[in-house]
1. Consider the range 50-74. How many of its residues are in contact with a strand residue (DSSP E or B) (Cβ under 7 Å, 6 or more places away or on another chain) and surrounded by 18 or more Cβ atoms within 10 Å (Cβ to Cβ)?
2. Are there any strands (runs of 3 or more DSSP E) wholly within the range 109-209 with 3 or more residues that are modelled with pLDDT of 95 or more, surrounded by 14 or more Cβ atoms within 10 Å (Cβ to Cβ) and touching a strand residue (DSSP E or B) at 6+ places or on another chain (Cβ under 7 Å), and if so which?
């Protein structure tokens, strides 16, 4: 069977998971992240999305040295998947690829982008221009207020005995105290399934997926 890199793997499997399990993660719910897992032979691919507040305790763009240091530390931690999602040692899993980053999403609005030329022939260019600039500033403030950050990570693991990789212990919750839950979608040769893993019960039994 052809092995796929994480991005290609999830493109291929996303539609199958969606068809099997229509429930979706609420848009950017604090305390709740999403983990997708695809099992393909000896390889296990994972993709994690988590709100910035869950990982570093804030969602605004990091500006201070302290905030940037928190982001850098979080990215480094997220790049070590087996420290966050521990698999049984007997499975013999190792990291083939791992990447983590902080992404920013902004709310966009179509208002506040009128062409200045519309105001040039009415004899009140200065007043209209000033009013327009005020609208632009208000729009910028609105966009900044609506923006938020999300951490994204992708992993590819190779396991010597993948059938033994049937229990995941989520040390993720120990690493990130603000994280309360991960909504997990899994796809394998056995089909697709969805789970909720919570801080209070940080293990996931995947025996039915092998």
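The values are calculated or read from the model by the stated rules, or taken from the named source; none is laboratory data. Just so it is clear, the structure is predicted and the values come from calculations on it, not from any experiment. No Cβ is skipped: glycine too gets one built from the backbone with ideal geometry, and neighbour counts run over all protein chains shown.
1. 8
2. 148-159, 167-170, 181-188, 191-198
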